[in-house]
Every structure is written in structure tokens, then in C-alpha cells.
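Data block below; observations after.
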Amino acid sequence: MKTHTLLEAAKPFGFPLSIHSAALIIIDMQRDFVEPGGFGESLGNRVQPLQDIIPTVQKVLTCWRDREGLVIHTRESHLPDLTDCPVSKRDRGNPSLRIGDKGPMGRILVRGEPGNAIIEELSPLDNELVIDKPGKGAFYGTDLHRLLQSLGIDQLIFMGVTTEVCVQTSMREANDRGYECLLLEDATASYFPHFKQSTLEMITAQGAIVGWTSTSEEFLKAIE
Ligand code: C5J
């Protein structure tokens, strides 16, 4: 039988955490989005809000590793020949750099390039899963659902960037597949802080229509 720890302070109501059937999923903490001098910054974004969450993400990750919980990292990335990148994605808008072009840290969003690596502070361990995803959502074009099912996981704890794009899309995909999702509010960030705030509200509205949110402190209390 599953044992639950009720994370009482979660919004919009208590989250029944079951540590042994939960995985921690860290979305797209890759150099090109997070580091100064990367792709994100070259598009005119301020990366400081993304930098600010690194210590919190690190703290939760360390604690989850100590509990021997399952850790999943994702990267938004494409094959070098871009056969998994729709033309509509590559050609949208009028950016100075497009996916596959040479950017400040190698080819933009291409697997194996320096900018596509997870930031050093959060480097995956050998026993952790790394999912390369061609879309915004972690389930589109990946084996993630099959993997989670084979491991008996039905709850996902989300951290990472950006809140309203890849984090929210992945949460919605997970919700539709039957996973209970919790987003750690201070372990996610956007280049646009008001988009982050709106996303947190959207997720928990209408009785947790997408999932729950909580602070990392409350989450750490629950798993300690
Ligand atoms: C974006 C992401 N914003 N990881 N990717 O293009 O949110």
C-alpha cells in the first residue's frame, strides 16, 4: 500500500505526496537558457531571474538525491541535422539567431553543443535520466511516459525553466496522462516574472486544474 505525506501548505489544497512513486523533474536548466552570454541573453532576455533559482534547485536536488528519489533532467534539443525540428519552429519570427545556427555557445539547441549542456551546478549523475526533447513538452517525441510507467511513477515534482513555456507545457502533458504534478514556486523562473506569476495562478485555478504549487521550503519539510 502507498503511504502519503500530506503537504498541507500546497496550493490550492494539500498535496498527498507519495515519495516512492514520485520523480523530481528538472526542466531545461541548460547553459543556453540560463547562463549570461548564452542564446537566451542573445535574444535580449535578462537571465538574472533564471540564475536566481539555481541555489534553490540545487538544494532540493541534493535533498531528493539523499532520499534516493528518481531524478529526471530534460534539455530542449534537436538532432544535428534538424530532422526533428519543424520548419515552423525554426523559421518563426525574425530572430538574429535561429535553431541550428552558430551562437555564443555553439549551435543553438543542438544536442552535444556546449550551450545545450545542463549547467554545471546541476550536472546529472550517472544514474539519473536525461531526456532530450524536441518540443516544449517533456512527453512530446520522447520515451518519458513509457519510462515513468515502467518505474511505477505517478507523481512529478517540477522545477526549472521557463515557467510558462517548457515547464507549463510539460505539466499539462503530464496532467493529461494521469500524473499528479507539483510545481515548486521558488525553483522555477521566467524571463518575464509576470508570466511566471500568471502561470502559477493558472495551474492551481479551478481546483488544481493542472496541478499544485508549493514553496521549496514546505516541500523539503515534507520529505525530511
Ligand atoms: C523556451 C523553455 N522558452 N525551456 N524553452 O523556449 O522554456
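The values are calculated or read from the model by the stated rules, or taken from the named source; none is laboratory data. The shown structure was predicted, so the numbers you read here are calculated from the model rather than taken from an experiment. As a convention, Cβ positions derive from the backbone with ideal geometry for all residues, glycine included, and neighbour counts pool all protein chains shown. Heads up: the accessible areas ignore ligands, DNA and RNA and are worked out on the full protein's heavy atoms, side chains in. Shrake-Rupley method; radii C 1.70, N 1.55, O 1.52, S 1.80 Å.
Please verify whether region 165-174 includes one or more residues that are open to solvent by 30 Å² or more (accessible area, probe 1.4 Å), within 24 Å of V34 (Cα to Cα) and basic (K, R). Within region 165-174, one or more residues are open to solvent by 30 Å² or more (accessible area, probe 1.4 Å), within 24 Å of V34 (Cα to Cα) and basic (K, R). Filtered by the rule that a residue be more than 27 Å from F158 (Cα to Cα) and crowded, with 17+ Cβ neighbours inside 10 Å, region 89-102 gives R98, G100. Can you tell me which condition K196 does not meet? The list is (1) surrounded by 14 or more Cβ atoms within 10 Å (Cβ to Cβ); (2) free of Cβ contacts under 8 Å to residues at least 24 places away in the same chain, and all the others hold. Going through the list (1) surrounded by 14 or more Cβ atoms within 10 Å (Cβ to Cβ); (2) free of Cβ contacts under 8 Å to residues at least 24 places away in the same chain, K196 breaks only (2). Being of a type outside the set (D, E) and either exposed (fewer than 14 other Cβ atoms within 10 Å of the Cβ) or in contact with a Lys or Arg (Cβ under 6 Å, 6 or more places away or on another chain) (or both) is a property that Q48 has. Just to be sure before I move on: is R111 more than 27 Å from F219 (Cα to Cα), within 16 Å of the ligand (Cβ to nearest atom) and basic (K, R) in the structure I sent? The answer is yes for R111. Residues that are more than 13 Å from the ligand (Cβ to nearest atom), over 11 Å from V57 (Cα atoms) and under 13 Å from the mean Cα position of the chain (by Cα) within region 183-199 comprise just one, L183. Here is the figure for region 33-45: residues that are within 12 Å of the ligand (Cβ to nearest atom) and either open to solvent by 10 Å² or more (accessible area, probe 1.4 Å) or under 18 Å from A187 (Cα atoms) (or both) total 5. Residues that are crowded, with 23+ Cβ neighbours inside 10 Å and either within 16 Å of the ligand (Cβ to nearest atom) or not hydrophobic (A, V, I, L, M, F, W, C) (or both) within region 1-28 comprise I25, I26, I27, D28, listed in sequence order. Under the condition of being touching a strand residue (DSSP E or B) at 6+ places or on another chain (Cβ under 8 Å) and within 16 Å of the ligand (Cβ to nearest atom), the residues counted in region 157-174 number 11. Just to verify a result, which residue in region 128-156, among those that are more than 13 Å from the ligand (Cβ to nearest atom) and open to solvent by less than 10 Å² (accessible area, probe 1.4 Å), is farthest from T83 (Cα to Cα)? Residue satisfying both the conditions and the ranking: Q155. Any chance you could count how many residues in region 103-127 are open to solvent by 70 Å² or more (accessible area, probe 1.4 Å) and modelled with pLDDT under 95? The total comes to 1.
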